[in-house]
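Report on the structure given below.
The values are calculated or read from the model by the stated rules, or taken from the named source; none is laboratory data. All figures in this text were calculated on a predicted structure; none of them were measured in a lab. Cβ placement follows ideal geometry from the backbone for every residue including glycine, while neighbour counts extend to all protein chains displayed.
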Amino acid sequence: MTGQRDNVALAIALSLLALVLFDVMGLIIKYLSPSYTAAELSAYRNFFGIFPSLIALWSSKSWHQGGRPLKMRQWKLGLIRGLYVTFAQFLFYYALGKLAFATATTITFANAIFMTALAVPLLGEKVGLTRWSAVLLGFGGVLMVMKPGSDSFSLDAMAPLGAAFLYALAGVSARQMDAEVPSPLINLYSVVAALAGSLALALAMGGFSPVPHVRDIFWIVAMGAVGGTAVLCLVVSYRMTEQSNLAPFSYFGIPIAFAAGWLVFDETPWADLFPGALLIIAGGLMVIWRERHLKRAPVVPRA
């Protein structure tokens with residue numbers, strides 16, 4: 001029992017470290033946004049994401065025990081999942097360049113709410129009163145953050161909401177994969193497809209901008225390295241315990257994002273975030289509580 005508790009504690013610590021690293025990656029993206037398009041930054045991020053994905057696959061015991069396969073029956077679904085991630089990243093990275101850091105990040109936490117709603121048509125799940133109430137509560141929080149109809153509303157706020165929906169599609173599609181397929185292999189297919197998709201998107205939008213300064217190369221490499229390390233931390237933490245043990249802690253990402261935006265960009269969007277952010281957290285935790293009761297976890301990390 002002690003070893004199991006230690007594993008859970010370490011898994012929680014790694015998942016929280018991943019949240020911090022994802023926010024560091026987001027801060028770098030926001031810093032680079034005036035000089036590079038969201039599609040370019042997504043392509044750079046996915047290029048560097050190949051390497052931690054390969055490391056995660058090579059360290060997977062189930063992959064080695066299964067004969068180290070690189071093919072899977074549902075390869076098309078794996079690639080489609082990567083396309084979801086391509087456009088989710090594009091919208092999220094665009095939002096980081098247009099909105100306050102904490103505002104863009106908080107809206108994407110609606111992905112858990114979207115996953116609950118999408119589980120009905122795509123997975124055939126029966127969603128009861130508790131989870132539908134959580135969906136309505138969470139969407140109410142999202143609307144309060146976005147403030148549609150007010151003078152402060154911006155169409156740019158639709159971008160992180162679209163990203164949340166697409167991240168939720170990626171999460172639901174992962175549930176549709178065969179249970180025996182190792183998660184790192186699914187992730188590798190998605191990263192490869194996302195890299196191809198983001199490259200095509202960047203080229204379609206005018207190609208890649210010249211990199212005028214050496215410091216930009218440093219920040220681009222740092223963005224990929226930090227994001228890749230965050231993914232590895234999540235993969236390791238998910239192997240150490242059930243995702244349902246980690247999901248509640250993902251909502252620490254909202255105050256962490258607020259603190260990060262405040263410290264780095266001097267942003268304090270109190271009026272935008274509260275009380276809507278609290279309703280998003282409450283709705284998400286209700287979903288997690290119900291999913292944990294059903295031995296499932298709904299949260300999909302941003303990438």
Would you call residue 49 in contact (Cβ under 8 Å) with a residue 40 or more places away in the chain, within 17 Å of residue 186 (Cβ to Cβ) and crowded, with 16+ Cβ neighbours inside 10 Å? yes
Just to verify a result, which residue in the stretch 189-200, among those that are buried (at least 20 other Cβ atoms within 10 Å of the Cβ) and either small (Gly, Ala, Ser) or over 14 Å from residue 84 (Cα atoms) (or both), is modelled with the lowest pLDDT? 190
Unmet requirement for residue 96, which otherwise passes all of (1) farther than 20 Å from residue 34 by Cα; (2) touching a Lys or Arg at 6+ places or on another chain (Cβ under 6 Å): (1)
When the stretch 273-301 is examined, which residues are found to be touching a Phe, Trp or Tyr at 6+ places or on another chain (Cβ under 6 Å) and at pLDDT below 75? 300
Tally time: how many residues in the stretch 236-259 are buried (at least 21 other Cβ atoms within 10 Å of the Cβ), within 26 Å of residue 55 (Cβ to Cβ) and among the hydrophobic types (A, V, I, L, M, F, W, C)? 2
Keeping to the stretch 163-219, report how many residues are closer than 17 Å to residue 35 by Cα and of a type in the set (Val, Ile, Thr). 3
Name every residue in the stretch 61-74 that is over 15 Å from residue 179 (Cα atoms) and part of a loop (DSSP other than H, G, I, E, B), in order of residue number. 67, 68, 70
List every residue pair whose Cβ atoms lie under 7 Å apart, where the two residues are 6 or more positions apart in sequence or sit on different chains, the first residue falls within the stretch 112-138 and is under 20 Å from residue 162 (Cβ atoms), and the second residue, located anywhere, is basic (Lys, Arg) and in a helix (DSSP H, G or I). 116/131
Return the only residue of 162, 171 being more than 20 Å from residue 228 (Cα to Cα), touching a residue at least 24 places away in the same chain (Cβ under 8 Å) and under 13 Å from the mean Cα position of the chain (by Cα). 162
Residue check, residue 178 closer than 21 Å to residue 102 by Cα and modelled with pLDDT of 85 or more: no
Hey, does the stretch 192-214 have a residue that's closer than 16 Å to residue 235 by Cα and among the polar types (S, T, N, Q)? no
One residue is enough: does the stretch 261-272 have a residue meeting the conditions among the hydroxyl-bearing types (Ser, Thr, Tyr) and either modelled with pLDDT under 85 or part of a helix (DSSP H, G or I) (or both)? no
Near pairs, Cβ below 8 angstrom, 6+ apart or cross-chain, from the stretch 259-277 (at negative phi) to any residue that is among the basic types (Lys, Arg) and not in a helix (DSSP H, G or I): 272/147
Residue within the stretch 200-218 that is part of a helix (DSSP H, G or I), touching a residue at least 60 places away in the same chain (Cβ under 8 Å) and among the aromatic types (Phe, Trp, Tyr) present: no
